[in-house]
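A quick write-up on the structure given underneath.
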Amino acid sequence: MLSLTVISKPILMSQPNPEAMKEKSPVISELRQLITEYFDARLKLLKLETFEKIAKVTAVLFSSLVMALLAFFLLFFLSMSAGFYLGKIFDSMALGFLAVTGLYLILFVLVMLMKKDLLEEFLIERIIGELTKEEGDDEQAG
């Protein structure tokens, strides 16, 4: 009988070279450290940008509040003056202040009818404008 003899060659598995691992290890650990530092720096930058945006919106809201308060006092004293002036013209202080009240009633109705167009959109656009303003825009505006 004929017999076949198979001669098998041992398959060599590539085993990691300890010297190559030692050479790669500092590179990998340095790369890992750089990536960690990069993400930490990006996180800090994101936090700072967020704080800056919050500060800008707060400043806009606070300055708008101060302007509104000043406008209120201006309007209040002008209204008092107009009430006294119209009171002299009508020979009745009550009629003078009633005329000023009627003027404010008309303005109130107009504002209520157009508040979305006048107030809300203005404030929304101003806040969004502050949030989306870039650093270069600040330097050009100032």
Item to check | Debye intensity ratio in log₁₀ form over the Cα atoms of segment 46-103, taken at each q of 0.12, 0.16 Å⁻¹ | outcome: -0.48, -0.60
Item to check | Efficiency of FRET between Leu98 and Val57 - r from beta-carbon atoms, R0 41 angstrom, step 0.05 | outcome: 0.50
Item to check | Number of Lys pairs (Cα under 30 Å; 8 or more positions apart or on different chains) in segment 30-133 | outcome: 13
Item to check | Packing-based order for 111-122, 83-94, using average beta carbon neighbours within 10 Å, highest first | outcome: 83-94, 111-122
Checklist entry - In whole Å, what are the Cα extents of segment 30-133 along the three principal axes, biggest one first? => result 90, 25, 15
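Throughout, read-outs are computed from the coordinates displayed, never taken from laboratory work. Treat the numbers as computed from the prediction; the structure is a model and nothing was measured. Please note: Cβ atoms are built from the backbone with ideal geometry, for glycine as well, and neighbour counts cover all protein chains shown.
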